[in-house]
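Q: I have a structure I would like to understand better, so I am pasting it below and will then ask my questions one at a time.
The values are calculated or read from the model by the stated rules, or taken from the named source; none is laboratory data. Since this is a predicted model, take the numbers as computed values, not measurements. Methodologically, a virtual Cβ is constructed for each residue, glycine included, from the backbone with ideal geometry; neighbour enumeration extends over all protein chains shown.
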Amino acid sequence: MAQFEEVSQKSKLHPKPEGLTLQYGTAGFRTHAKHLDHIMFRMGLLATLRSKKTKSTIGVMVTASHNPEEDNGVKLIDPMGEMVTAMWEGYATQLANAEQDSLLKELKDIIEKEDIDMSQTASVYVGKDTRPSSASLSQAVLDGVSSLGGKTHDYGLVTTPQLHYMVCCCNTHGCYGSPTVEGYYQKLSQAFLQLTQNASNRTDDQKRLLVDGANGIGALKMREMEPFLRSELQLVLSNDGSSGKLNHMCGADYVKVQQKAPQGMNIAVGERCCSFDGDADRIVYYYTDSKGCFHLLDGDKIATLISTYLKELLTQVLHTQTRSKMKTSTSDIYLFCVCFQAGLNLQIAVVQTAYANGSSTRYLEDVMKVAVCCTKTGVKHLHHAAQEYDIGVYFEANGHGTVLFSKAAQKQIQELVKDSDTNDERKRAVKLLESTINLINQTVGDAISDMLVIEAVLAIRGMSVQDWDAIYTDLPNRQLKVTVSDRRVIDTTDAERRAVTPEGLQDAIDSLVKKYKSARSFVRPSGTEDVVRVYAEADTQENADSLAHEVSLAVY
Ligand code: 16G
Ligand code: ZN
């Protein structure tokens, strides 16, 4: 009992307002910062239990991502850097909503259910974004961990993906990299520099990139990382937090939803720009053309660029190997076998959500001949689906995503790199694959890592942002939110693309969609706000707008 004495005492310093209930949602707890002190303390407790249970280091990130500066939030990171499992999301909600006098009872209930050995040591990594409330809230997490006797490492200000990376590095004993911010910069910058060596004669203009830091942590971290990139990327940072408010009229979410450039950025015609969100786990690109038209390159375009590049590299390995087979020496035949596997047996798939633009899906399936799979919204769903493939490229249209390489795929690639008996073309392709793996943060979507991958791919392929944009043309689309008395009456199926309840809603949507050309529409209850989201796309912007409007009327 003595071990809970401190929890009992310290929890009084982080009291739960009576009657307040909150849910561990799609991306953890998220609400106005003033409601979160007790949640943070309790998440410190839960992370300690999770660490004892998994005998690994667990992460706790204090952030509310793209939400307004006044909000805050918290999410737990599992041992390999992935989101905490669904079962523990349930415990998080259970612990968060326990009234003050039943906190210990709920805590013991989890310990019993999970059969946790309380004598096991615990280690929790904690990070925070730049919100004014983050300092005291992350202190509450640290208090929670220490009151259960866990060890903490406070990383202070880091991006969400940096903390995911640290947790993974720690639990893989350095195999993934060194668990420091400097280790992160070194790993990524080395891979980036190796990749860009393959792009000759880049002009300063091609190296120049305008970055909107959303007045958040991403801007701060890009400043730290800049020297590591040795001018191979020349960043012009705006919304760097020196004056503006976090996520206010800027950042990836603003740009994606408003489909316009952020404030506080001077953009010349044709210039390549990107925006991070408030915790730097999302990124979108854009430019304006000579007619002043805004062009957005969202998560779908990013997935297409990266998967096309990876597929080409795998094909190059295969083709060059086929040639060496023609020489018919014994060793060549052996090499062919190894490479044949790399070229043929590695299946690339792209994982999208219902929000993926219809043109992107069509391009990937029909032109690129890449497998496409659709999951529910929320990174954890995409991440799990991507784990099913040798190479799983996943991106939400909103710009959150990464690439996962299976252990077997990584091993095959590493073996080929070591193989000294290879021709130059194949060696180049295999090395590019290896450096690309090192540049990607496989734990979670990462704006900094994604940005460097995109910049490297554009450089290697000699593409401008306009060339990239021209790969396919987005279908005009519109997103709307509708406020209803209870959004939970809407239940969906088929990766949220069809409504099962209320009765008649899907039939109504179907008949509205039929009125338009190349049209598609769906509705889903939001996992982060008390609204229903409506998505529509059609052959023209006018049609997409009016379909979205009509569907939102059907939702009432
Ligand atoms: C969260 C999710 C994001 C998803 C969004 C949908 C994570 C880390 N973030 O921000 O992936 O797109 O929720 O929000 O999972 P919605 O349910 O309100 O549309
Ligand atoms: Zn975010």
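Q: Quick one: which of Ala459, Ala470 is within 30 Å of Gly270 (Cα to Cα), free of Cβ contacts under 8 Å to residues at least 40 places away in the same chain and hydrophobic (A, V, I, L, M, F, W, C)?
A: Answer to the check: Ala470.
Q: Quick one: which of Ala268, Ala252 is without any contact (Cβ under 8 Å) to a residue 12 or more places away in the chain and either closer than 29 Å to Leu193 by Cα or surrounded by 19 or more Cβ atoms within 10 Å (Cβ to Cβ) (or both)?
A: Matching residue, one of Ala268, Ala252: Ala268.
Yes/no per residue for (1) at positive phi; (2) out of contact with any strand residue (DSSP E or B) (no Cβ under 9 Å at 6 or more places or on another chain); (3) of a type in the set (A, V, I, L, M):
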{"site": "Gly28", "(1), (2), (3)": "yes, no, no"}
{"site": "Met43", "(1), (2), (3)": "no, no, yes"}
{"site": "Met61", "(1), (2), (3)": "no, no, yes"}
{"site": "His66", "(1), (2), (3)": "no, yes, no"}
{"site": "Asn72", "(1), (2), (3)": "no, no, no"}
{"site": "Leu95", "(1), (2), (3)": "no, yes, yes"}
{"site": "Gln100", "(1), (2), (3)": "no, yes, no"}
{"site": "Leu103", "(1), (2), (3)": "no, yes, yes"}
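Q: crowded, with 24+ Cβ neighbours inside 10 Å, in a strand (DSSP E or B) and at pLDDT 95 or above, is that true of Ser360?
A: no
Q: Scan (1) under 24 Å from Thr63 (Cβ atoms); (2) over 22 Å from the mean Cα position of the chain (by Cα) for the single condition Val269 breaks and write down its number.
A: Among (1) under 24 Å from Thr63 (Cβ atoms); (2) over 22 Å from the mean Cα position of the chain (by Cα), Val269 violates only (1).
Q: Does the stretch 302-311 contain any residue that is outside any helix (DSSP H, G or I), more than 16 Å from ligand 1 (Cβ to nearest atom), at pLDDT 95 or above and buried (at least 24 other Cβ atoms within 10 Å of the Cβ)?
A: No, that holds for no residue.
Q: Considering only strands (runs of 3 or more DSSP E) fully contained in the stretch 196-284, which possess at least 3 residues that are more than 16 Å from ligand 1 (Cβ to nearest atom)?
A: Qualifying strands (runs of 3 or more DSSP E): 208-212, 234-238.
Q: Identify, from the list Gly19, Gly73, the residue that is part of a strand (DSSP E or B) and more than 14 Å from Tyr91 (Cβ to Cβ).
A: Gly73
Q: Given the conditions (1) within 16 Å of ligand 2 (Cβ to nearest atom); (2) without any contact (Cβ under 8 Å) to a residue 24 or more places away in the chain; (3) of a type in the set (A, V, I, L, M, F, W, C), report the number of the one that Val500 does not fulfil.
A: Val500 satisfies every listed condition except (1).
Q: When the residues of the stretch 404-424 are narrowed to those that are under 30 Å from Ser360 (Cβ atoms) and either at pLDDT below 90 or more than 16 Å from ligand 1 (Cβ to nearest atom) (or both), which ends up nearest to the chain's Cα centre (by Cα)?
A: Checked the stretch 404-424; the qualifying residue nearest to the chain's Cα centre (by Cα) is Phe405.
Q: So, in the stretch 481-491, of the ones that are surrounded by 12 or more Cβ atoms within 10 Å (Cβ to Cβ) and in a loop (DSSP other than H, G, I, E, B), which residue ends up modelled with the lowest pLDDT?
A: Among those residues, the one meeting the criterion is Val484.
Q: For the stretch 87-103, enumerate the residues that are in contact (Cβ under 8 Å) with a residue 12 or more places away in the chain and either surrounded by fewer than 16 Cβ atoms within 10 Å (Cβ to Cβ) or of a type in the set (Ser, Thr, Tyr) (or both).
A: Gly90, Tyr91, Thr93, Glu99, Gln100
Q: I'd like the full set of residues that are out of contact with any Leu (no Cβ under 9 Å at 6 or more places or on another chain), among the small types (Gly, Ala, Ser) and either in contact (Cβ under 8 Å) with a residue 60 or more places away in the chain or not assigned by TED's automatic domain parsing to the domain that holds Leu45 (or both), limited to the stretch 104-123.
A: Ser123
Q: Here is a follow-up. From (1) closer than 30 Å to Met249 by Cα; (2) crowded, with 19+ Cβ neighbours inside 10 Å; (3) polar (S, T, N, Q), pick out the condition that doesn't hold for Thr26.
A: Answer for Thr26: the failing condition is (2).
Q: Being buried (at least 18 other Cβ atoms within 10 Å of the Cβ) and not charged (D, E, K, R) is the filter; apply it to the stretch 514-527 and report the residue that is farthest from Asn357 (Cα to Cα).
A: Out of the qualifying residues, it is Pro525.
Q: Name every residue in the stretch 234-249 that is crowded, with 24+ Cβ neighbours inside 10 Å and in contact (Cβ under 8 Å) with a residue 60 or more places away in the chain, in order of residue number.
A: Across the stretch 234-249, the qualifying residues are Leu246, Asn247.
Q: Would you say Arg223 is modelled with pLDDT under 95, surrounded by fewer than 21 Cβ atoms within 10 Å (Cβ to Cβ), within 17 Å of Met451 (Cβ to Cβ) and not hydroxyl-bearing (Ser, Thr, Tyr)?
A: Against the criterion (modelled with pLDDT under 95, surrounded by fewer than 21 Cβ atoms within 10 Å (Cβ to Cβ), within 17 Å of Met451 (Cβ to Cβ) and not hydroxyl-bearing (Ser, Thr, Tyr)), Arg223 does not qualify.
Q: Separate question: Identify all residues within the stretch 285-301 that are within 16 Å of ligand 2 (Cβ to nearest atom) and either touching a Leu at 6+ places or on another chain (Cβ under 7 Å) or outside any loop (DSSP other than H, G, I, E, B) (or both); write none if there are none.
A: Hit for the stretch 285-301 is Gly299, nothing else.
Q: Restricting to the stretch 528-556, name every residue that is among the aliphatic types (A, V, I, L, M) and crowded, with 19+ Cβ neighbours inside 10 Å.
A: Val532, Val534, Ala536, Ala538, Ala544, Leu547, Ala548, Val551, Ala554, Val555
Q: While we're looking at this one, here's another question. Checking the conditions here, which among Glu82, Glu106, Glu69 is charged (D, E, K, R), more than 16 Å from ligand 1 (Cβ to nearest atom) and touching a helix residue (DSSP H, G or I) at 6+ places or on another chain (Cβ under 7 Å)?
A: That would be Glu106, the only listed residue that is charged (D, E, K, R), more than 16 Å from ligand 1 (Cβ to nearest atom) and touching a helix residue (DSSP H, G or I) at 6+ places or on another chain (Cβ under 7 Å).
Q: I've got another one for you. Considering only residues that are within 18 Å of Tyr125 (Cβ to Cβ), away from ligand 2 (no atom under 16 Å from the Cβ) and surrounded by fewer than 24 Cβ atoms within 10 Å (Cβ to Cβ), which ones fall in the stretch 58-83?
A: Listed by number, the residues that qualify are Asp78, Pro79, Met80.
Q: Among the residues of the stretch 242-261, how many are more than 16 Å from ligand 2 (Cβ to nearest atom) and out of contact with any Gly (no Cβ under 9 Å at 6 or more places or on another chain)?
A: Adding up the residues that qualify gives 6.
Q: Inside the stretch 366-390, can you point out the residues that are under 17 Å from Ile440 (Cβ atoms) and in contact with a helix residue (DSSP H, G or I) (Cβ under 6 Å, 6 or more places away or on another chain)?
A: Asp390, the sole residue that qualifies.
Q: Additional query: State the number of residues belonging to the stretch 262-282 that are in contact with a Ser or Thr (Cβ under 7 Å, 6 or more places away or on another chain) and either within 21 Å of Gln479 (Cβ to Cβ) or within 16 Å of ligand 2 (Cβ to nearest atom) (or both).
A: Residues in the stretch 262-282 being in contact with a Ser or Thr (Cβ under 7 Å, 6 or more places away or on another chain) and either within 21 Å of Gln479 (Cβ to Cβ) or within 16 Å of ligand 2 (Cβ to nearest atom) (or both): 6 in total.
Q: If you don't mind, there's one more thing I want to ask. Considering the stretch 189-227 alone, what residues qualify as being within 25 Å of Arg131 (Cβ to Cβ) and among the aliphatic types (A, V, I, L, M)?
A: Answer for the stretch 189-227, where residues must be within 25 Å of Arg131 (Cβ to Cβ) and among the aliphatic types (A, V, I, L, M): Leu210, Val211, Ala214, Ile217, Ala219, Leu220, Met222, Met225.
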